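Contents: one structure, followed by commentary.
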Amino acid sequence: MYPPKPSRLLSVLCVFAISCHTPRNIYSPSVPNNPYFRQAGDSKLSVLYSGNNNGDQYLNYGLDVQAAYAPINRLALTFSHYGRTERDVYPVKLNNIFDSSDVRYKRKLTEFGAGFFSPVIPGSVITYNIYGGYGFGNFSINDNGMVDSADYNRTYRSNMRKWYLQPGINLIFSRYFRLGLVYRVAWVKYSGINSTYTDRELSYFSLDKIANRTLTFKDFTFNTQFGFPKITWMKLDLGVTFCGAPRGDYPEIRNFNAFAGLTFSLPDRLFKK
């Protein structure tokens with residue numbers, strides 16, 4: 001008796017799995033802009049790599065660029081931009097409407113915001129903050145594979161507008177170690193959709209349910225920063241984000257993102273001319 005072929009083995013494993021399907025993801029969480037500010041003049045510039053990969057069959061990576069500045073005590077202005085490149089490969093039919101699929105995504109989003117920050121009590125290492133803002137961007141899908149022994153190609157593109165509210169707590173133990181807990185509620189409206197999926201395919205992937213709709217996403221992020229002796233203006237920034245899917249029969253989302261990068265405190269003289 002010969003061992004089963006990999007594709008057959010994968011099919012068998014999916015039969016016994018709780019769920020085995022081939023979604024088209026409409027949302028991927030960005031890194032929340034979480035300044036560890038304590039006073040007027042504080043500033044930051046962050047460059048962060050986000051990723052969650054599993055070989056060639058699952059790929060998710062990109063960059064988040066962030067900036068923030070406190071013009072006065074307890075008030076901060078924020079800017080963020082993120083981009084993602086993603087890929088999902090479904091090599092066998094299983095519950096897929098297609099025989100096999102290679103699905104690639106592109107996402108980009110720019111956000112502007114403002115918020116309030118304050119120590120819990122004067123001199124405390126614990127600060128609380130709340131930020132809100134608006135973002136705009138788009139995402140696209142390039143879907144290729146086989147169906148009924150023939151090649152197929154489908155594309156999908158949607159504009160995105162985003163409003164968010166972001167409360168958080170930061171623990172600033174020292175210039176060398178900080179922790180942040182961030183909760184963010186985002187309302188995303190999808191519009192200007194252009195697609196070559198058939199009506200049946202749009203219904204199968206629930207993509208027909210988002211046009212001109214506003215969906216709610218809830219992100220929870222754990223963030224930590226580590227400083228370096230004699231390089232107090234630079235921090236190593238690490239964290240993870242978990243995202244909850246909207247209620248109802250909607251397309252699926254990326255529900256996890258890990259990130260790492262560097263955060264820089266900008267020189268005060270840039271703002272004191």
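A few notes on this one:
- Identity of the residue in segment 76-97, among the polar types (S, T, N, Q) and either modelled with pLDDT of 95 or more or in a strand (DSSP E or B) (or both), that ends up farthest from residue 260 (Cα to Cα): 78
- Hits in segment 98-117 - residues which are modelled with pLDDT under 95 and surrounded by fewer than 16 Cβ atoms within 10 Å (Cβ to Cβ): none
The rows are residues; the columns are (1) of a type in the set (Ser, Thr, Tyr); (2) under 27 Å from residue 232 (Cα atoms); (3) surrounded by 17 or more Cβ atoms within 10 Å (Cβ to Cβ).
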position: 42; (1), (2), (3): no, yes, yes
position: 46; (1), (2), (3): yes, yes, yes
position: 57; (1), (2), (3): no, no, no
position: 67; (1), (2), (3): no, yes, yes
position: 82; (1), (2), (3): yes, yes, yes
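- Within segment 207-235, tally of residues that are free of Cβ contacts under 8 Å to residues at least 40 places away in the same chain, of a type in the set (Lys, Arg) and under 16 Å from residue 247 (Cα atoms): 2
- Among (1) within 21 Å of the chain's Cα centre (by Cα); (2) small (Gly, Ala, Ser); (3) farther than 20 Å from residue 181 by Cα, the one test that residue 40 misses: (1)
- For segment 142-149, the criterion of being outside any strand (DSSP E or B) and either small (Gly, Ala, Ser) or surrounded by 15 or more Cβ atoms within 10 Å (Cβ to Cβ) (or both) is satisfied by at least one residue.
- Of the strands (runs of 3 or more DSSP E) lying entirely inside segment 190-273, those containing at least 3 residues that are surrounded by fewer than 16 Cβ atoms within 10 Å (Cβ to Cβ) and not hydrophobic (A, V, I, L, M, F, W, C) span 213-228.
- Checking residue 230 against (1) over 26 Å from residue 104 (Cα atoms); (2) in contact with a strand residue (DSSP E or B) (Cβ under 7 Å, 6 or more places away or on another chain), the condition it does not meet: (2)
The values are calculated or read from the model by the stated rules, or taken from the named source; none is laboratory data. These figures come from a predicted structure and were not determined experimentally. Neighbour counts run over all protein chains shown; Cβ positions are idealised from the backbone, glycine included.
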